[in-house]
Amino acid sequence: MNWSNWIYLGAGIALGMVFRQFFVRWLRPPQASSKVSSSSSPVAPLVQEDMLPISQQLQQTQLAYQMAREMSQFKAGFLARTSHELRSPLNGLIGLHQLILSDLCEDPAEEREFIAQAQERTLKLLKLMDEILSVARTEHGTNKLDIQPRPLAQILQEVHNLTYILAANRNFPLQLLPADPEIYVLADYLWLRQILISLIDTAITQMEEGSICISSSTLPTNNFVNIWLDVPTHAIPWSEPIDLIKSEDQPTQIDQNKTALSPGMRLLINQTLMEVMGGKLEILPSTIAKELPQQLTRLQISIPVVITEADLL
């Protein structure tokens, strides 16, 4: 090996060492930064901050599950109540037809009377089915609601005018506390009025004594207005026994007044309609509504209120 080869070899070794140092310095900063980022303390607070929204989402999911479960139970009760409501008049019809088919009528005139009673009960049964189907179509969305801003004071005044005579005929005082004329609610006017009339009519039908008071209240932190119906406790159908499994053969008693929706069924229908309109119907006992006497129960109807630009400011 001559001296020129030694020169080339030395130059190659020197260049190799220079390039080695260059590549080491070029690769070292990313590794160092990754070590710093993995070992630095600011990562822990970020993880804790991320855990808070996850916990809130979990609580919201649990709440949504509970609401869905309660709604499912409510729907099951609604179906059971509907079946019971339609079963009672059907039993009456079957009883009348059995009397006719068994030749238990004393003469043709009595047979025609039973046929006329069966016809009348059939028409009333059809009316019950139409009422239930109307609510079902409204809930399903087939019957569209006319949700518009409506003056609350006007609605309550009309309800009072339409039910005052019903209460007066049975000597039950019906009091209306004036509502704020500037309050507008988002509701279907006809359905909301019908719900209030139905609740008052049901209470009057079930009442033995006492009075009814209609009032309203708004909360500044809530976008709902509460309509209160304070009625005697015994006028509210807290629960009605339904035995859909046990069926006993008992003589059918023909009572024309029984061919109508029961108070419990009307309450369920009104609850359904309020939910469709974005509201809520609740029964508040006197233990919750502490300003009420013990013998009164409060029906609370919550309905969305119209928010004006002044309220937003």
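The values are calculated or read from the model by the stated rules, or taken from the named source; none is laboratory data. Predicted, not measured: the structure shown is a model, and the values here were computed from it. Note: ideal-geometry Cβ built from the backbone for every residue, glycine included; neighbour counts use all protein chains shown. Only protein heavy atoms, including side chains, enter the accessible area calculation; ligands, DNA and RNA are left aside. Shrake-Rupley method; radii C 1.70, N 1.55, O 1.52, S 1.80 Å.
If I filter segment 166-205 down to residues being aromatic (F, W, Y) and part of a helix (DSSP H, G or I), which single residue comes out as nearest to the chain's Cα centre (by Cα)?
The extreme case among them is W191.
Find the residue count for segment 109-154, including only residues that are without any contact (Cβ under 8 Å) to a residue 40 or more places away in the chain and either crowded, with 16+ Cβ neighbours inside 10 Å or outside any loop (DSSP other than H, G, I, E, B) (or both).
Within segment 109-154, residues that are without any contact (Cβ under 8 Å) to a residue 40 or more places away in the chain and either crowded, with 16+ Cβ neighbours inside 10 Å or outside any loop (DSSP other than H, G, I, E, B) (or both) number 23.
Sort out which residues of segment 155-176 are surrounded by fewer than 12 Cβ atoms within 10 Å (Cβ to Cβ) and either closer than 18 Å to W228 by Cβ or in contact (Cβ under 8 Å) with a residue 40 or more places away in the chain (or both), and write them in order of number.
Passing the criteria: only P173.
Examine segment 178-190 for a residue that is charged (D, E, K, R) and open to solvent by less than 20 Å² (accessible area, probe 1.4 Å), and state whether such a residue exists.
Taking every residue of segment 178-190 in turn, at least one turns out to be charged (D, E, K, R) and open to solvent by less than 20 Å² (accessible area, probe 1.4 Å).
Open to solvent by less than 30 Å² (accessible area, probe 1.4 Å) and hydrophobic (A, V, I, L, M, F, W, C), is that true of I100?
So I100 fits the description; yes.
Which one of these is in contact with a strand residue (DSSP E or B) (Cβ under 9 Å, 6 or more places away or on another chain), farther than 19 Å from L192 by Cβ and either modelled with pLDDT of 85 or more or open to solvent by 20 Å² or more (accessible area, probe 1.4 Å) (or both): I242, I283, I254, I288?
The conditions single out I288.
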